[in-house]
Structures are given as C-alpha cells and as structure tokens.
Amino acid sequence: MSKISFKPGNMLYPVPAVMVSCARKGEKPNIITVAWAGTVCSSPAMLSIAVRKERYSHAIISETKEFVVNLVTKKLTFATDYCGVKSGRDVDKFKEMHLTPQESQNVSAPGIAESPVNIECRVVDVKPLGSHDLFIAEVVGVTVDDSYMDSKNVFHLNDAGLVAYSHGEYYELGKKIGRFGYSVQKKKKSNKKSK
C-alpha cells in the first residue's frame, strides 16, 4: 500500500448531516444545516455544533442559547441541502421547503416535524475556534417519530433511512456490518452433537 501526503484539513468523514432549527422571539424560525455535530458527553447528555460566525443562525443561537438538532432522512436530503446553501436572512426556509415547525417542550426554538428525531438543546458554553464557534449544549428533551417504535417500545432509528455527509456528498446509511461489542462477544456453543 502506498500513501500520499495532504495538507492538514478536516478529513474526518462521514459525519451526520443535521438540520438545526432556532428562533428569536417574534421572528420567523430558521434552519441551518450542520455537518459538524457530535456527542460530547453521556451524563449529562450533551452535544456540540460548530457554526461559522457570519451565519444568520449563529447570532440567533448566541442570543437565545437554544436550538434543536433534527436528524435527516433520505426524504429530507433536498431540504437539508437547501437549508445549507440559502440564508435565513433572505428566505423563510420552513416555508420554502414545506417543513412544519413543531413546538418544542423544553426550549422556545421549534423542531422540524418531518424529522424522525428532534433533540432540544440549551447552550452551556461557546468556544471560539477560528472560522467556527463551537456551541456546547445540554440535551434537555428529545421527541421521536412513534412510527419507528415497535410493540415492545423499542425505537428503531436505523429504519428511518438516516443520511451522512462525506466530503461534499450525501449518503444514505447502508447495511449493518456489526454491533457494539461484537468483536469480543463469545461465540455461542452449538447444541448439535457431532456424528
């Protein structure tokens, strides 16, 4: 195997493509597409999003200290791309993409009703990093589409057709190739007797 050297850059792909909704009181809500989002803590549940300072949503989130992360499915990919290239200063993204603002239970920012998962967040810290500011937020509520719940109350998120972003392109997640811990799981002994 041979490799070539690249200049330092963000090559940590694929990443989740998410739509982040936010709103100021008395103004239309906005949506920004974020590819740099991730889990940062499990207890308390926390996540982060990185947003460029010049983005319209940056000022909204900085002022309100609230936002909702909405997971993206294949059906939402067109809207996700649109919300990433158009500015909320110029267009009403909910209206243009025929998306439904969903009232949140713990924050004033709405979620997106068409998303299978809405993660309500409250900002606890902001880290200026250069081109982007990192908003670190506590998860204060989650709503899920009950059509992905089974009779045992298990949520089947992977059936939603989630989307990942990799180096400028969107991909629907593919087949499962393993599960956490499978590399160290003991193999089950066969009950069949050898002949």
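Where a number appears in this text, it was derived from the coordinates with a stated rule and is not lab data. Keep in mind it's a predicted model, so treat the numbers as computed, not measured. Because the Cβ atoms are built from the backbone with ideal geometry, glycine has one as well, and the counts that use them run over all protein chains shown.
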* Per-residue Cβ neighbour rank within 10 angstrom, fewest leading, 11, 46 -> 11, 46
* Structure fact -> Correct semi-axes for the range 88-190, from √(5λ) of the alpha-carbon gyration tensor and rounded to whole Å with the largest first, are 32, 21, 17
* Which whole-Hz ³J(HN,Hα) couplings does the range 120-127 yield from phi under the Karplus relation 6.51 cos²θ - 1.76 cosθ + 1.60, θ = phi - 60°, glycine and proline marked x? -> 7, 10, 10, 5, 10, 7, 10, 10
* Of all the C-alpha pairs in the range 15-172, what % are more than 26 Å from each other? -> 20 percent
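Tell me, 95, 74 in order of fewest to most beta-carbon neighbours within 10 Å? Working shown, then result.
Numbers: 95 10, 74 14.
Placing the least packed residue first, the sequence is 95, 74.
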* Formal net charge of residues neighbouring residue 108 (Cβ-Cβ distance under 13 Å; K, R +1; D, E -1) -> -1
* With 22 Å as the limit, write out which pairs from 53/74; 53/93; 28/53; 53/75; 74/152; 93/175 have Cα-Cα distances beyond it, or answer none. => 53/74; 53/75; 74/152; 93/175
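What percent do you get for the relative contact order of the range 15-172 when only Cα pairs under 8 Å and 6+ apart count?
Relative CO of the range 15-172 lands at 27 percent.
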* Structure fact -> Expected sort for 170-182, 137-149 on mean C-beta neighbours within 10 Å, highest first, is 137-149, 170-182
